[in-house]
Amino acid sequence: MITYGKHAFHGEGRTTKNYLAEIRKQRGIRQETLAAALEVSRQTIGSLENGRYNPSILLAFKIARYLQLNIEDIFIYEEEKTDEEESS
């Protein structure tokens, strides 16, 4: 697993970790540059990086294509364990 950071999105039994900010900064890409390339606002990039926004599948594919990575290298999906699973 890539250890870029710990941004996470929560919702209905699932968690998506997001390493976008770390990858972008490591490559020297500004939020504005990424936003323009993806045809979204800089605020959208900021919201993704801060965990306030979970991208559509289309946007996730665009981000991965632009960064020449697999979606799984940027967004890590994990099922949250239920109480029953945790006690076993």
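The values are calculated or read from the model by the stated rules, or taken from the named source; none is laboratory data. The structure displayed is predicted, hence computed values, not measured ones. Every residue, glycine among them, receives a Cβ derived from its backbone with ideal geometry; neighbour counts consider all protein chains shown.
Restricted to the range 4-32, and to residues there that are among the polar types (S, T, N, Q) and surrounded by 15 or more Cβ atoms within 10 Å (Cβ to Cβ), the residue that is modelled with the lowest pLDDT is 16. In this structure, is residue 69 part of a loop (DSSP other than H, G, I, E, B), modelled with pLDDT of 95 or more and not acidic (Asp, Glu)? Yes, satisfied.
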